[in-house]
Structure formats: C-alpha cells, structure tokens
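The values are calculated or read from the model by the stated rules, or taken from the named source; none is laboratory data. Owing to the predicted nature of the structure, the values given are computational and were not obtained by experimental measurement. Reconstructed Cβ throughout: ideal geometry from the backbone, glycine too, with neighbour counts over all protein chains shown. Note: accessible area is taken over every heavy atom of the protein model, side chains too, but ligands, DNA and RNA are not part of it. Shrake-Rupley method; radii C 1.70, N 1.55, O 1.52, S 1.80 Å.
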Amino acid sequence: MPRRLDALAAWLTARYPWVLAGIVLLGAVLRVAVYFDLQAADPAFHEPGLDSGVFLRWAGEIAGGNVLGDRPFFLNPLYPYLLSPVVALFPDDPVLVIRILQGLVGLGSVLLIATATRRFLGPVHALGAALIAATYPVTIFYEQQVMIVAVAVFLNALTLVCLGRLADRPTLLRAAVAGIPLGLAVLARPNVGLFALLLPIWLLRLGPTGGRVRFAAVRTAALFAGIVVVVLPVTARNAVVGKDFVPVTTSMGINLWQCNNPEAWETGRMTSREVRFNPRFVETDAIAVAERNAGRPLAPSEFSKYWQRRTLRTMGENPGTAAGYLVRKAVYFLNGFEPPSSQYYEMRRTETSFLRFLPLSFWILSPLALAGAILVLLRKRDALPFVLLYVAYWAGLTIFFPLGHYRAPVLPAVFPLATLAIGAILTGPRRSVAIMLIVLAALLANGTAVASVFGVPRLPRNRAEKTTWHYNNGLSLLRRGDLEGAEEKFRRAREENPASWLVDMGFAHLARARGDRTGEEVNLRHVLDKVPGQPTARGSLGANLFHRGRRTEGMSLVEAAVRDDPRDPALRAIYADLLMATGRPAEALVQLEAEVTHGRPGPDNLGRQVWCLRRIGRKEEAARRVERGLRLFPGSPPLHFEHARLLVDTSAPRDRIRAAVRSGVFRRVSEVLEVLTGLEQRGLLADGIE
C-alpha cells in the first residue's frame, strides 16, 4: 500500500499543473451549479438584506460621490469600497456581477491555498488542500452572498503565499510586501490583527542561529510597516471626519459586549437586551445607550471604550460564568454546526441539492486541522504560519463568537493542516500517533455534545431560527406577489413553532396583501396576545384601524407605539404614512428622517421625503434629494415617479419630463394619470409622451 501511495504521489507531482487546473475547473462547475440551485430554492436570493443590504447601500453612497462619509467607520470598511465600482458600473443589478466576481475570487483562493501549501508542505498536500478548497460547500455558499467572506479568505490565503516567499528569501522588502495583504485583511476583519502579533514567533525560528532576535525584530518592523501603509489612510480619514483617533472601526466595544453579557451567557447567541443584533440598528442603539448612561455625548473612541469597560466589569462580577462561557465558545469554534446570523447556511443546505450532497463540513475538517497543527509543532515547524493563523482565529473568536462567516477566514490554514493529518494517517511513519491525535481532536471538536451529557448547555439549535427563516422567505415571496408561495412558507413556520408570534405576523401580512383587513386585525391581535406591546404589531394594528375608518383610534395607537419605541424605523414609516394620508407632510418628514439609520435611507423612504418636501414648498431641496436617490437607486419606481412629478411642478424642459416618465415603472395607474394630468395642463401631451 505505501508503494502504491508513493507512486500516486509521484504521478501527481509530475502532473501538478494539470491536476490543479482540473481541480479549479471542478470548483468553477460547482459554483455555477450552486448558484442555480440557490436561485431555484431561495425566494430571497435576489433580495439581499441585513448585512448585504447595508453594504450595498453604503457602496451606492460611495459610488454616488460620498467617498469619505461623515463619521468614523463603525462597520469594516474594505468591502463596501470594493463593491462601489461594481455598483457604479451596474446600478440596476450589481448583485449578479458581485456573485460572479466573488466566484472568481474564490477560485483565486484555491490557487493561493495550493501555492502556500506547496511551499510549506509539498505538492501532494497542495493538491489535497486545493481539492478541499474547491469543493468546500460553506465557502461556495458565502461566495453567493453579498458578504465579505470570499474577500477575507482570499486575503488570508494571499498573506500565506507572501509569507512563503518571505521564507524562501527573507528580505526586508518581502517582509513589507507580506504586510500589505495582511493590512487589507485587517480592514476586512480586524481580528486577523492577532495573527500579525503572533508572526514574530515564526520569524524567530526563521532567523539564523546567533542573530535570531535581531533578524526577527527587523523583519517584524518591516512587516508592520506594510500593514501600516494600508491601515494608516483609514485612521487618518477617521481622524479628519470624526476629530478622534479610531484606528479602523468603533464597533469593537459593542461587539465584545454582544458576545459576553448575561443574555449571551444564557442563550449562547450574540445578543443583548439593550442593543438589537441587526446591522441597521446596532450602531445607533449602542451609541444611544452609552450616551444615556454616561449622561453626555461621547466621542467615537469613548463610545467604544464604554462598552469595553462595561464588558470587563460585567465579566469581573461573574468570573465563573464568564470563564465557563469562554471555554464553551472555544469548543464552539471546533464544532461542525454553522450558527445562523444574517445567513442561515444549515437551512439553505437542507433545501438545495448540491450543497446538501457536498460531503465536507467543519465537523470533518476541524479534528483533522487540530491534529495537523499538533503535527506541525512536532515535526514541521517551518509551516508555523498555518498554525499561527489557526490559533489567532481560535483565540479571537473565543473572545467574540464563532459564527460561520466569522470563522470562514481561517480556512486557508485549516485546509492545509487537514491534508497534513490525512497524509500522516496514510503514509506517515507514526500512523498510530496521528490516529490518536485525530481521535482526541474529534472528541474536542464535538465537546458540546459530550459536555451536554454532564449538563453543560450546548450551542442552541432552536426552532426559532427555522421559524424566522420560513417567515423571512414568506415575506420575500409576498414582495414578489407570490401569495400562495408565501402562505406555504408561513405554514411551514407554524409547523416549526406554532406558538411563535412571527407566524401570526406573517399571516397578518398575507391577509393585508389579499385585501382582508379583518383577517389582518385578527392575526395582529393574536401577536399582541402572545407578546403584549410588540411595537410593530401595535403600529400595524393602528394602521389597520385607520384605513378601516377608525382614524382617531388608529392614529392614537400608532402614536403610542412610536412613543414607547422611538428607535423602531418600521413604526416611524407607518406613522409617516398616516401623517401623509391626513395632509401633514411637515410632520411626516420628521418621522421619515428619524426612520433613517446610519444616514443611508432606502428608496421608499427617499421617495416619501421628496413627496413631503414638494408638498410643503421646499422644491429645490426635494430636487436635490431625488437626484441623490436616483444615483443610489437608479431602478427605483417611487423615485422615478417623484422625479417626474417634481419636474412637472418645476417647469422642467419637456425632454427631461419625457425621460422621467419613460424610465419610471409606476406601480399604479393613478400615478401615471397624475403625471399625465400635469403634462396635459402644460400642453405637452402632443409630443407623444402619452
């Protein structure tokens, strides 16, 4: 058997470029297949939300000319700046282009992982790592999402390639060059900075006997110079717009709190009672809470430090619970389950063919990688960068939380380490040692299941996640007008958890879409029976009563809901609509502007703002906002409609009015008639616009 394996290794080595090309081709085929698989199975596939929606909107602002912004970065800035050229060039449908580019980036990562693994472990291990990278379903899935995962994996793989070149010829220039992709990786995921702090350990080993300390110190300085060259412009930009020192982002403090607070200890999730775990709200919520408790406005760095200090104080007051939870999270990092956040990989995998049948998972790779890391420390210390990257993410996500898309950037180290362990089993001189290490690592990787036998809570996989998944899919189908499909999704949500208030909320949305206002009221009251005072349900019930003729009662209910939860943008939108319906555009404008989070209003909000500004006579300001909105959302019907109405009101040249009418896909005949009436009054219908 060893002779056959040696012969196979020789054959693979001799044909390395061709085998690698075949692996990349296989990866490309799988990515195309998964794209069509997800498109067929996921109603929300073409409607990026949560993180994806925030990044796309931010990229749109950058593409529209707001390059610097107006405050220090809260979210990691690299991704929206990379997306902005795509949004500028393909404003109508950037998502498809982003998916294609991310698929190519993923294939580039396969090549980089192979290159780094070949340098440190040899060509056969390189082909094994490339095969795993090309077929690993989690990375293929995230390449289809508007998320930074593919870029982060690519940058970490590129850093490992640059470190391999540095090992071949350890010049100061190569050390500085290796710092550049690492600096970009910091802008993508700042927790990779821990990897940079660990690299001097490897540089010490790389140096010559008798001068290792000086060798490592000089090259560490060069490496950090490369990092600083990339990060410094961001720090300078933060200082200019925020008048404060913020190296990259202000989110570290609140992220630390969301991962280490009493509610997180209780639920095993990244959450807290005061701050909503939602990219649209987390910044404004966290600032509001911090400033309220501090009793004064806080500078950006002070806001982050507030949450850091509060986290450390809370953990210090509960040392046993906090330490136990850190141990649990350390084990969670090794676990095969991909915890849901803005994307639910595990649910999508069950509903798609190719993802379901691709065999690899972190459950398989994790014990192999851990055993491989131990083998590197015992026998192949030249490959230490793989171990250091692995340890850096393990430690960083133990402090924070090992959600699937947070854990993915460690994969350029996991794949090679796993192939090393597999090779040790098949051909290593000490197979029994390798097998024992993998068995022990497997027990640790499944430690949550083992610990649950002794009463230690395991990572929750509760029905609420699946209920939310079906509910969100139902909403997506409703937006597309597929009422039957939406009803089926809401029924599946009810099967998962009949007691969930989200189920009743879904059926309330469905009843409203069908024009059944009585059915909507019944379901909303069911929500309020289960969750008394639920803000969105109260506001929706108020709107329901208002539109059914009980205007005073409905308006009072909405106003009370807004007073009780002024942070909820959905309530602000409902209230604004009622104010617009009662002829109070100035008050509606206040609500619409308060609805905006992160300074990035959506197209519907902007369209309503323009309507209000036009009604109160601020037409020049309305024109500026509609033009800004069309730069950000060039395919938005509400904005095209308001643009056309505004052009009629302002006596614009008829060619501009004609273009606005033709470009706007109006939702209702009444909208077209309103514009045409204005044109008729100005005698322009004779030009054939009708």
Q) Which condition breaks for ARG356 when tested against (1) of a type in the set (Lys, Arg); (2) farther than 30 Å from PHE415 by Cβ; (3) free of Cβ contacts under 8 Å to residues at least 24 places away in the same chain? A) (2)
Q | Of the criteria (1) part of a helix (DSSP H, G or I); (2) at pLDDT below 85; (3) surrounded by fewer than 19 Cβ atoms within 10 Å (Cβ to Cβ), which one ARG567 fails | A | (1)
Q.
Which of the helices (runs of 4 or more DSSP H) found entirely inside segment 78-154 contain at least 1 residues meeting this: among the basic types (Lys, Arg), touching an Asp or Glu at 6+ places or on another chain (Cβ under 8 Å) and under 29 Å from ARG15 (Cβ atoms)?
A. 94-121
Q: Considering only segment 523-539, state which residues are more than 15 Å from ALA581 (Cβ to Cβ), assigned to a helix (DSSP H, G or I) and open to solvent by less than 60 Å² (accessible area, probe 1.4 Å).
A: ASN523, LEU524, VAL527, LEU528, PRO535, THR536, ALA537, ARG538
Q: Identify the residue in segment 291-313 that is of a type outside the set (Lys, Arg) and more than 28 Å from the chain's Cα centre (by Cα) and, among all such residues, is most open to solvent (accessible area, probe 1.4 Å).
A: PRO297
Q. For the subset of segment 445-498 comprising residues that are aromatic (Phe, Trp, Tyr) and open to solvent by less than 60 Å² (accessible area, probe 1.4 Å), which member is modelled with the lowest pLDDT?
A. TRP469
Q. Would you say ARG407 is touching a Lys or Arg at 6+ places or on another chain (Cβ under 7 Å), part of a helix (DSSP H, G or I) and among the basic types (Lys, Arg)?
A. no
(Q) Please return the ranges of helices (runs of 4 or more DSSP H) entirely within segment 323-385 where 2 or more residues are of a type in the set (A, V, I, L, M), open to solvent by less than 20 Å² (accessible area, probe 1.4 Å) and within 23 Å of LEU121 (Cβ to Cβ). (A) 362-379
Q: Might you let me know whether segment 609-619 holds any residue that is outside any helix (DSSP H, G or I), open to solvent by 60 Å² or more (accessible area, probe 1.4 Å), of a type outside the set (Val, Ile, Thr) and modelled with pLDDT of 65 or more?
A: yes
Q | Of all residues in segment 596-608 being open to solvent by 40 Å² or more (accessible area, probe 1.4 Å) and farther than 20 Å from GLY69 by Cβ, the one that is modelled with the lowest pLDDT | A | ASP604
Q: Can you give me the number of residues within segment 198-215 that are over 18 Å from ARG165 (Cβ atoms) and touching a residue at least 24 places away in the same chain (Cβ under 8 Å)?
A: 2
Q | THR135 vs. criteria under 24 Å from LEU365 (Cβ atoms) and surrounded by fewer than 18 Cβ atoms within 10 Å (Cβ to Cβ) | A | yes
